[in-house]
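Engineer: Dropping a structure here in structure tokens format, bear with me for questions.
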Amino acid sequence: VAIAIERSFEMVVGLLGIDQLSKLWVQSNLSLYASVDLIPQFFQLSYYANRGAIAGIGWHSRSTIPMLVATSGMLIVLLILLYRHYARRAAPSWRVSVFVALSITPLLSHTIDRLRQGYIVDFLHFAGLPVFNFADLLPHVAIVLLATEVAGYFRARGTAKARRLAAEDGVESY
């Protein structure tokens, strides 16, 4: 259990480092609201200060930042508690450890940004999408890993049930 939690912690530190360093690079090399075309008409680096939630929702409300910081803190605690509970019952697979790291990192990163400067640095801009940052990608990868973990669980459970039923019927299984 301790090793799995330690691995997740190491992943969080590494991913958080990539996210924070990429934001610092953008802040050092681009002016606020400036853009650089990397793939014309498709992908730009665009420095935006996101003072709200997803895609800037709620940016005008004074209560947005304290509410988001408190919500992030509660979600981090909940994820850690659920992970520890799960790890005590079964040895977590690598997918679960990575899922936890990918889920906690954006919460920590955005909380750091909000507390340090009052906004989140967004800079990845694909045509037709809101501007986002590295940490915003991580929950999407986490969902894919969780889906494969759940699918594997049900596949293993179905295989075990099929073997048990075959044994009850006197059929040999290989």
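Engineer: Give Ala87, Ala101 a once-over and let me know the one that is part of a helix (DSSP H, G or I), within 21 Å of Gly152 (Cα to Cα), among the hydrophobic types (A, V, I, L, M, F, W, C) and at pLDDT 70 or above.
Structural biologist: Ala101
Engineer: Hey, another quick one. Restricting the search to the range 123-140, which residues are in contact (Cβ under 8 Å) with a residue 12 or more places away in the chain, open to solvent by less than 50 Å² (accessible area, probe 1.4 Å) and not in a helix (DSSP H, G or I)?
Structural biologist: Within the range 123-140, Phe123, Leu124, His125, Val131, Asn133 qualify.
Engineer: How many residues are open to solvent by less than 50 Å² (accessible area, probe 1.4 Å) and at pLDDT below 95 if we restrict to the range 6-36?
Structural biologist: Matching residues across the range 6-36 total 2.
Engineer: Could you grab me the full set of residues in the range 6-31 that are assigned to a helix (DSSP H, G or I) and of a type in the set (Ser, Thr, Tyr)? Before you say what the answer is, go through the steps one by one.
Structural biologist: Taking the range 6-31 as the starting set, the residues that turn out to be assigned to a helix (DSSP H, G or I) are 6-29.
Hits for the range 6-31 are Ser8, Ser22, Ser28.
Engineer: Give the number of residues within the range 107-119 that are in contact (Cβ under 8 Å) with a residue 60 or more places away in the chain and closer than 18 Å to Val13 by Cα.
Structural biologist: 4
Yes/no per residue for (1) of a type outside the set (D, E, K, R); (2) in contact with a Phe, Trp or Tyr (Cβ under 8 Å, 6 or more places away or on another chain); (3) farther than 14 Å from Asp19 by Cβ:
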position: Ile112; (1), (2), (3): yes, no, no
position: Arg116; (1), (2), (3): no, no, no
position: Ile120; (1), (2), (3): yes, no, no
position: Ala127; (1), (2), (3): yes, yes, yes
position: Val131; (1), (2), (3): yes, yes, yes
position: Phe134; (1), (2), (3): yes, no, no
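Engineer: Residues that are within 17 Å of the chain's Cα centre (by Cα), open to solvent by 70 Å² or more (accessible area, probe 1.4 Å) and without any contact (Cβ under 8 Å) to a residue 24 or more places away in the chain: does the range 144-157 have at least one?
Structural biologist: So far as the range 144-157 goes, yes, one or more of its residues are within 17 Å of the chain's Cα centre (by Cα), open to solvent by 70 Å² or more (accessible area, probe 1.4 Å) and without any contact (Cβ under 8 Å) to a residue 24 or more places away in the chain.
The values are calculated or read from the model by the stated rules, or taken from the named source; none is laboratory data. Values in this document were obtained by computation on a predicted structure and should not be read as measured data. Counting neighbours? That spans all protein chains shown, and the Cβs are built from the backbone with ideal geometry, glycine included. Only protein heavy atoms, including side chains, enter the accessible area calculation; ligands, DNA and RNA are left aside. Shrake-Rupley method; radii C 1.70, N 1.55, O 1.52, S 1.80 Å.
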